[in-house]
Structures are given as structure tokens and as C-alpha cells.
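The values are calculated or read from the model by the stated rules, or taken from the named source; none is laboratory data. Remember, it's a predicted structure, so these values are computed and weren't measured experimentally. As a convention, Cβ positions derive from the backbone with ideal geometry for all residues, glycine included, and neighbour counts pool all protein chains shown.
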Amino acid sequence: MARTCSVCMREDREEVERALLKGEPLRPMARRTGLSRAALQRHKLHIALALAPSPKAAELLHRSKLTAMVEDLIREVHRLKRKAERARDIRAAIKGLDTALKGIEVLAKLTGELDTRAQHNSLHVHLDAERALAIAETYAARHRVQPGTAHRSPTMPTGG
Ligand SMILES: [Zn+2]
């Protein structure tokens, strides 16, 4: 039979949990909330269990971090692309579009919107993400031009 926790059931549970996490002494908390110290002590374990790292949680956290990184890079690439357009550096602008596209692909894979090989080859996706990030970073580093100083990228191939 499941035993119900008087703290878990409370409407002000979050407030109680914040106090517990801050390490507030149980005696005054018990007095204030009308809960028993034993109940508060027991609920501490519930918090610990809820906060315990799980592989799934770590995976999700890792994903969300990667997603945020890729989103940042895409924003940066868009910014640089606009700059390149203003400077009439069309090659750099096109490269920017290409890089943004790669970033979006990676982002889509990370967020699961593209149902590609990700399902049975996560290593491949990981390598793709790293490569795309490296490309975007290289692009950002090479094209950090001052506004108004139009110049051709020294790293762009001229043939084609
Ligand atoms: Zn509880």
C-alpha cells in the first residue's frame, strides 16, 4: 500500500521544498507549516530521489545544451551573413547561408525533428554536430569584420 507523504500532497509543496533545500532548520519549519519534523525529514528523501541524476536526465540536459549552442551559432551566422551582405561580400554571405543550413540540420537532428540515422547511429550525429560547430566557429572567426569595412575574405577560394 502506498503511503502518502503529507508534504508531497501540499499545495505549498514548492515553498516547503525551497526551504528544505536552503537548509532551513526543521523545527521552526514544522512549527510554521504544521507539518511534523518526521514528515519533513521523509520528504527530503523524496527531493533527493527527484533530483538524483539519471542517464535519461543527463542525456536530455546534454541535448538541451547542444541545442542552445547550435541555436547561438545559427544566430551568429545570420548576423555575420547580414554583415557580409552589407559589405557586398557575396561569397561570404553564401558561405554563411550554407553554415546556417548545416546548423539547422544539426539542430533538427538534436531536437528529433529529422528522423534520420540518429535512431541507430547516434555517434554519427555527434560527429556531425561537432563538425558543424567547428565549421560555424571557423566561419565566425574568419568573418568577424568591422561594420563598413568591406573586404574580400582572404580565405575564400577564388576559382569557380
Ligand atoms: Zn514527499
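Rundown of residues vs (1) within 35 Å of the chain's Cα centre (by Cα); (2) within 9 Å of the ligand (Cβ to nearest atom); (3) not hydrophobic (A, V, I, L, M, F, W, C), yes/no style:
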residue: Thr4; (1), (2), (3): no, yes, yes
residue: Arg13; (1), (2), (3): yes, yes, yes
residue: Lys22; (1), (2), (3): yes, no, yes
residue: Gln41; (1), (2), (3): yes, no, yes
residue: Ile47; (1), (2), (3): yes, yes, no
Quiz item: What pairs can you find where one residue is in the range 59-75 and within 21 Å of Lys95 (Cα to Cα), the other is hydrophobic (A, V, I, L, M, F, W, C) and assigned to a helix (DSSP H, G or I), and their Cβ atoms are less than 6 Å apart, with a gap of 6+ or different chains?
Solution: Val70/Val106; Val70/Leu107; Leu73/Ala136; Ile74/Ala100
Quiz item: Restricting attention to the range 50-59, does a residue exist that is at pLDDT below 90, surrounded by fewer than 17 Cβ atoms within 10 Å (Cβ to Cβ) and within 30 Å of Leu97 (Cα to Cα)?
Solution: yes
Practice problem: Mind counting the residues in the range 4-45 that are surrounded by 13 or more Cβ atoms within 10 Å (Cβ to Cβ) and either in contact with a helix residue (DSSP H, G or I) (Cβ under 7 Å, 6 or more places away or on another chain) or of a type outside the set (A, V, I, L, M) (or both)? | Solution: 22
